[in-house]
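> Before anything else, here's the structure in question.
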Amino acid sequence: MSDAAVIELNDVYKRYGQRLALGGVSLRIEPGVTGLLGPNGSGKSTLIKSLMGLVATESGDGHVLGHPWPRSARAIRDLVGYLPEDDCYVAGLQGVESVQLGGRLSGLPRLEALRRAHEVMDFCDIGQERYRQVETYSTGMRQKLKFAQALVHDPPLIILDEPTTGLDPGQREALLNRIGVLAKKFGKTILLSTHILPDVRQVCDAVVILVAGRVRLSASLESMSRPATPELNLWVEEGVERLEARVQAEGIATTRRPPYELRIVGLEPEDAPRVWGWANEVGAAIRKLEPARASLEQTFVDAVREAAASGELEPRALESSKLAAAEVSHADH
Amino acid sequence: MPIIDLGYRRWAGARSVRPLRWLAISSTSLHLVWRAPWLRRLLMLAWLPSIPVGLSFFAYEQSLQNFEWRQLLAGVFTNMFNRPDISARIMADPLEARHDIWAMLLLAFFRYPQSLNMVVLFGMVAPRIISYDLRSRAYLLYFSRPLSVTEYMLGKAMVLIVLLAMTCTVPALGVYAIGLALSPDTSTILQTWDMPLRIVAASATLAIPTAALAILYSAFTTESRYAAFAWFTTWALGWVAYGTLTSSELAAAGPAILIDDRVRLVSPYHVLGEIQAAVFGALPTGSDPLSAILLVSVVTIAAVIVSHYRIASQLRV
C-alpha cells in the first residue's frame with residue numbers, strides 16, 4: 001500500500017450481464033474530501049458498493065484503510081460510515097432508535113449506542129424529531145438521519161452518496177460545513193459521490209471523474225482548476241485596446257470580452273510584473289488581475305465527451321451531462 | 001434542540017465481537033413487534049393451554065393413589081389420544097408408565113394448541129419481517145455494517161424462534177416443573193430427566209422449519225399481505241388435503257397410498273406432528289418418521305437457500 005492512500009484500487013472489473021459497470025478502475029484516495037463525479041450509470045454506486053464489499057467484483061485488488069480489499073470487506077465495513085443514496089430505514093423505529101441500531105450493528109454496547117446516537121443527532125441538528133417514527137420524516141430529515149447513522153460509530157472513512165439531495169439551501173450549506181469540519185478538524189477521509197458540482201467545489205480537495213465505468217480523471221481540485229495552458233485574466237477599466245496591442249506586440253496571444261475583460265494566453269502568475277509594466281507604458285488602468293481557472297463543469301463535460309468520442313458512452317448521456325453541468329453552472333453563478 | 005451543543009466528538013470505546021452483532025437485529029425486531037398490543041394478548045392466550053396440561057399432570061399423580069383418577073386418565077388416553085396400549089399400562093402399573101404419560105401429555109401440548117398458536121403467531125409477525133425491510137430498503141442499513149446475509153437471516157429468524165419459545169418451550173418447561181413439584185417422590189426426576197431435552201428438541205423441530213418457510217415467503221415480496229396469504233394457505237391446503245385423503249369413504253375407495261402413512265406428507269402440520277411424536281418417543285409402533293424428517297429437512301434447506309439468494313439479490317443492482 002502506498003503511503004497516505006486511504007483507498008487504493010487496482011484494475012477493478014465488474015459486469016452486470018453483458019453490461020460493463022466497472023472497466024479496469026484504478027484509483028487512489030488520500031485523506032481529505034474527495035468528490036466522485038460521473039453521469040448517471042457511470043458506475044459510481046457500483047464502485048461504492050464494491051468498496052463496501054456489497055457487490056462482488058470479477059477482478060481487481062487493493063487496500064482500504066490498510067485492509068486488503070476485497071478479501072477483508074467486513075473488516076472494512078466496520079471502519080466505514082456509509083450514507084446511501086436510496087431512502088432506507090427500518091419501519092416502525094424512531095429516529096434515535098434507528099441511529100442506535102446502526103451503532104449496535106457496528107459493535108457499540110446498547111446504552112453507549114443510544115448515548116452516541118443522541119450525540120451525533122445533536123451534531124446533525126436533529127432536534128425533538130428524533131423521537132418520531134422515521135416513516136414520518138421529510139426527505140431532508142431522512143438525509144440528516146442517514147448522515148447521523150453514518151457517523152454513529154466514529155468511522156475514519158465516510159462514504160456519502162448524494163448527501164445533499166432533498167436538502168433546502170440552508171440545510172445543504174450546514175451539511176457541507178459538517179463535512180468540512182469532519183475532514184479538517186477530525187481527520188476523516190470522506191468520499192463524496194454527487195452530481196452537484198458546486199458542492200464539490202465547496203468542500204472537496206480532490207476529484208475523481210468516472211465515466212462509463214472508467215476513471216477519466218483523478219486529481220486534486222487545485223491542479224484541476226489550472227488550465228492546460230496558463231492564462232491571466234485582466235479587468236481593464238481604461239485603455240484595454242492599447243494594452244492588448246502592446247501584449248500582442250510581444251508575440252503573445254490574447255482574447256477579449258468587451259468592454260473590459262482581456263485574457264492573456266501563455267503567461268503564468270509570475271509574469272504579472274511584466275503585465276504591470278506594459279500597462280504602465282500604454283497608460284492602461286488594470287482593476288483586477290488573476291490566473292485563469294478551468295471550470296469544474298467544463299472539465300466534467302470534457303471527460304464525458306472524451307468517453308463519448310471513444311464510443312463508450314451513448315450520445316444521449318453526453319447531452320444530459322452537458323445540460324446538467326450547464327444548469328448547475330448557471331444556478332451557481 | 002440541545003441546551004448545549006458540543007459539536008462532533010470522537011468515540012473510542014470497546015466494541016462487541018463481530019460474530020454476535022446480529023443479535024442487535026433480533027433484539028430491535030423483537031422490541032418492534034412487542035409494541036403491538038395484539039401480540040402481547042396473543043402470547044397471554046398462548047399460555048392458557050398449559051393449564052389443562054398441568055391439570056393432567058395433577059390427575060396422573062393423583063392416579064398413583066386413587067383408582068378413580070386412574071380410570072379417568074386411562075379413558076383420556078383411549079378416547080382422546082387413541083392409545084389403548086398406554087391406557088392398559090396405566091391400569092396395570094401407572095408408576096411404570098410415568099415417562100410415556102408425561103411424554104404424551106407434553107406432545108399433546110405441542111401438537112394441538114401450541115402448533116395452532118404458532119401458525120397464527122407466525123402468520124401475524126413473520127410476513128413483515130423481511131418484506132418491510134425490502135420495501136424500505138433497510139437492508140442497506142444492515143449490510144453497510146459488518147453483517148453477512150446469513151447473519152441477517154439468523155437475526156430475523158431468532159425473532160420467530162424467541163416468540164415460539166415463549167409460547168411453547170417456556171410453558172412446557174413450566175408444566176414439567178409443576179409436574180415435578182406435584183410428584184410424591186424424587187424418583188420422578190430419574191424417570192423423566194430427559195423431558196426438558198425433548199421439549200427443547202420438539203421446539204426446535206417446530207421452530208426451525210417453520211421460521212425458514214415464513215422467512216422465505218416474506219423475502220419474496222414487499223407486500224406482507226401476500227406473504228401472510230401464502231403462509232396461511234400452505235397450512236390450510238395441507239389440512240384440507242390431509243382431511244380429504246384420510247376421510248374413510250375416500251380411503252376405502254382409493255388406491256393403497258391413501259391409507260398409507262405417507263399421506264401425512266401432504267400436510268405440513270401432520271409432518272411436523274410425526275417428527276415431534278418421534279422426538280417425544282410417542283410414535284405408534286411400526287411408524288417410521290424418516291420420510292417426514294427427510295421432507296422437512298429438504299424444505300428447510302431449500303427455503304434457506306432461496307431466501308439467501310433473494311435477499312442477496314437486492315444488492316446486485
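> Out of all the residues in the stretch B:49-65, which are open to solvent by 40 Å² or more (accessible area, probe 1.4 Å) and either among the aromatic types (Phe, Trp, Tyr) or more than 30 Å from B:Ala92 (Cβ to Cβ) (or both)?
Hit for the stretch B:49-65 is B:Phe58, nothing else.
> Same structure again: Take A:Gly32 and decide whether it is modelled with pLDDT of 90 or more and either of a type in the set (Gly, Ala, Ser) or closer than 17 Å to A:Val207 by Cα (or both).
Yes; evaluated as a whole, the condition is true for this residue.
> Still on this structure, please answer the following. So how many residues does the stretch B:279-294 have that are modelled with pLDDT of 90 or more and crowded, with 20+ Cβ neighbours inside 10 Å?
Number of matching residues: 3.
> Restricted to the stretch A:33-58, and to residues that are among the small types (Gly, Ala, Ser) and buried (at least 18 other Cβ atoms within 10 Å of the Cβ), which residue is farthest from the other protein chains (Cβ to nearest Cβ)?
A:Gly35
> Among the listed residues B:Ala24, B:Ala46, B:Ala14, which satisfies the condition of being buried (at least 18 other Cβ atoms within 10 Å of the Cβ) and either within 14 Å of chain A (Cβ to nearest Cβ) or not in a helix (DSSP H, G or I) (or both)?
Being buried (at least 18 other Cβ atoms within 10 Å of the Cβ) and either within 14 Å of chain A (Cβ to nearest Cβ) or not in a helix (DSSP H, G or I) (or both) holds for just one of B:Ala24, B:Ala46, B:Ala14, which is B:Ala24.
> Now for a different question. Counting residues that are under 21 Å from A:Ala5 (Cβ atoms) and within 14 Å of chain B (Cβ to nearest Cβ), which strands (runs of 3 or more DSSP E) fully inside the stretch A:136-241 reach at least 1?
Of the strands (runs of 3 or more DSSP E) lying wholly inside the stretch A:136-241, those with at least 1 residues that are under 21 Å from A:Ala5 (Cβ atoms) and within 14 Å of chain B (Cβ to nearest Cβ) span A:157-161, A:189-193.
> Kindly state which strands (runs of 3 or more DSSP E) lie completely within the stretch A:59-115 and contain at least 1 residues that are facing chain B (nearest Cβ under 8 Å).
It comes to A:80-83.
> So B:Met153 clears everything in (1) surrounded by fewer than 21 Cβ atoms within 10 Å (Cβ to Cβ); (2) touching a His at 6+ places or on another chain (Cβ under 7 Å) except one condition, right? Which one?
It is condition (1) that B:Met153 fails.
> Is at least one residue of the stretch B:178-186 surrounded by 19 or more Cβ atoms within 10 Å (Cβ to Cβ), farther than 14 Å from B:Val125 by Cβ and among the charged types (D, E, K, R)?
Among the residues of the stretch B:178-186, not one is surrounded by 19 or more Cβ atoms within 10 Å (Cβ to Cβ), farther than 14 Å from B:Val125 by Cβ and among the charged types (D, E, K, R), which makes the answer no.
> While we're here: Could you tell me how many of the residues in the stretch A:116-125 are surrounded by fewer than 24 Cβ atoms within 10 Å (Cβ to Cβ) and either β-branched (Val, Ile, Thr) or assigned to a helix (DSSP H, G or I) (or both)?
Number satisfying all stated conditions: 4.
> Hey, another quick one. Do we find a residue being over 16 Å from the mean Cα position of the chain (by Cα), assigned to a loop (DSSP other than H, G, I, E, B) and buried (at least 20 other Cβ atoms within 10 Å of the Cβ) anywhere in the stretch B:115-134? Working first, answer last.
Narrowing the stretch B:115-134 to residues over 16 Å from the mean Cα position of the chain (by Cα): B:127-134.
Next cut, assigned to a loop (DSSP other than H, G, I, E, B) only: none.
No - not one qualifying residue is present in the stretch B:115-134.
> Being open to solvent by 10 Å² or more (accessible area, probe 1.4 Å) and at negative phi is the requirement here; does A:Ala150 meet it?
No.
The values are calculated or read from the model by the stated rules, or taken from the named source; none is laboratory data. Model, not experiment: these values are computed from the prediction. Cβ: placed from backbone, ideal geometry, glycine included. Neighbour counts: every protein chain shown. SASA here: full protein model, heavy atoms, side chains in, ligands and nucleic acids out. Shrake-Rupley method; radii C 1.70, N 1.55, O 1.52, S 1.80 Å.
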